[in-house]
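Engineer: Could you have a look at this structure, given as structure tokens, before my questions?
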Amino acid sequence: MVELRAFAFIDQLQKQLAGYVGSTARGYYPIAGQAAIFMEVAPGIEINSITDAIMKKANVLPGAMVVERTYGMLEVHADSPADVREAGEVAMDYLGVKEKDRLKPKILAAETIERIDPFMSQIVNRFRAASMMLVDETLYILECLPAGYAGYAANEAEKAADVKLIHATVFGASGKVYLAGSTSEIQAAKAAAEECLLALDGKDH
């Protein structure tokens with residue numbers, strides 16, 4: 001049986017997240033303002049057939065597809081939110097599930113580090129795939145389950161605050177989001193990221 005682990009609809013991709021997906025994924029890059037869905041299933045290989053079903057029936061483009069042994073992740077996007085929602089319906093119909101059957105997001109860790117040390121900023125920059133972490137900025141790190149929800153959290157944080165997206169991991173054992181900026185803006189981003197995850201319903205882990 002295929003498990004729908006993560007399913008998150010994004011009404012409007014923000015500039016940094018759209019740029020991040022476009023620069024790190026191997027699919028068709030999204031642009032800011034488009035709608036999108038991040039979904040995750042288990043076992044991972046099943047994401048192939050789900051993607052094929054969506055492509056045949058919905059007017060969307062795949063931005064990222066990751067196939068792992070345990071989990072599979074897919075991001076699709078389009079100009080029309082209705083088209084993206086249709087893609088989600090196709091996926092759920094294919095699996096025989098409803099949106100409420102997804103796993104509820106779980107926040108594993110959330111920490112804020114103020115006035116980051118120069119050496120710490122350099123370590124973060126060595127693995128980041130987006131903006132640079134600068135000395136004395138405040139860093140916010142979020143880790144969540146399932147990993148597919150990390151993209152949703154990053155997008156909502158970017159909507160709410162003037163922060164930089166440093167890195168995001170939207171597949172694998174857990175999802176991670178790194179954001180940087182002033183302390184006040186990071187506080188607003190932190191609230192938006194965590195509140196949006198806690199607001200999603202679903203099954204308990």
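The values are calculated or read from the model by the stated rules, or taken from the named source; none is laboratory data. If you're wondering where the values come from, they're calculated on a predicted model, not measured in any experiment. All Cβ positions, even for glycine, are placed from backbone atoms using ideal geometry, and neighbour counts span all protein chains on display.
Engineer: Residue under question is I45, and the condition is that it be surrounded by fewer than 24 Cβ atoms within 10 Å (Cβ to Cβ), within 16 Å of the chain's Cα centre (by Cα) and β-branched (V, I, T); does it hold?
Structural biologist: Here the answer is no, as I45 does not meet what is asked.
Engineer: Under 9 Å between Cβ atoms, at least 6 apart or on separate chains: pull out the pairs that start in the stretch 189-205 with a residue that is touching a residue at least 12 places away in the same chain (Cβ under 8 Å) and end on any residue that is of a type in the set (V, I, T) and crowded, with 19+ Cβ neighbours inside 10 Å.
Structural biologist: If the second residue must be of a type in the set (V, I, T) and crowded, with 19+ Cβ neighbours inside 10 Å, the pairs left are A189/V163; A193/V177.
Engineer: Do we find a residue being of a type in the set (A, V, I, L, M, F, W, C), more than 22 Å from L17 (Cα to Cα) and more than 15 Å from the chain's Cα centre (by Cα) anywhere in the stretch 58-77?
Structural biologist: Yes, the stretch 58-77 has at least one match.
Engineer: V84: outside any loop (DSSP other than H, G, I, E, B) and in contact (Cβ under 8 Å) with a residue 12 or more places away in the chain, yes or no?
Structural biologist: Taking the combined requirement at face value, the residue satisfies it.
Engineer: Can you go through A82, A150, A53, A58 and tell me which one is of a type in the set (G, A, S) and touching a Leu at 6+ places or on another chain (Cβ under 9 Å)?
Structural biologist: Result of the check over A82, A150, A53, A58: A150.
Engineer: Let me ask you something else. Of everything in the stretch 18-33, what is at pLDDT 95 or above, among the small types (G, A, S), in a loop (DSSP other than H, G, I, E, B) and on the phi < 0 side of the Ramachandran plot? Give them in sequence order.
Structural biologist: A32
Engineer: So, one more: Just to verify a result, which residue in the stretch 78-125, among those that are among the polar types (S, T, N, Q) and either in contact with a His (Cβ under 8 Å, 6 or more places away or on another chain) or surrounded by fewer than 16 Cβ atoms within 10 Å (Cβ to Cβ) (or both), is farthest from I54 (Cα to Cα)?
Structural biologist: For the stretch 78-125, the residue satisfying everything is Q122.
Engineer: Right, another one. State the number of residues belonging to the stretch 13-33 that are touching a Lys or Arg at 6+ places or on another chain (Cβ under 8 Å) and in contact (Cβ under 8 Å) with a residue 24 or more places away in the chain.
Structural biologist: Result for the stretch 13-33: 2.
Engineer: Moving on. Limited to the stretch 34-51, what total is found for residues that are outside any helix (DSSP H, G or I) and either out of contact with any Lys or Arg (no Cβ under 9 Å at 6 or more places or on another chain) or not aliphatic (A, V, I, L, M) (or both)?
Structural biologist: Qualifying residue count, the stretch 34-51: 5.
Engineer: What number of residues within the stretch 2-17 are more than 10 Å from the chain's Cα centre (by Cα), of a type outside the set (S, T, N, Q) and not in a strand (DSSP E or B)?
Structural biologist: Total meeting the criteria: 4.
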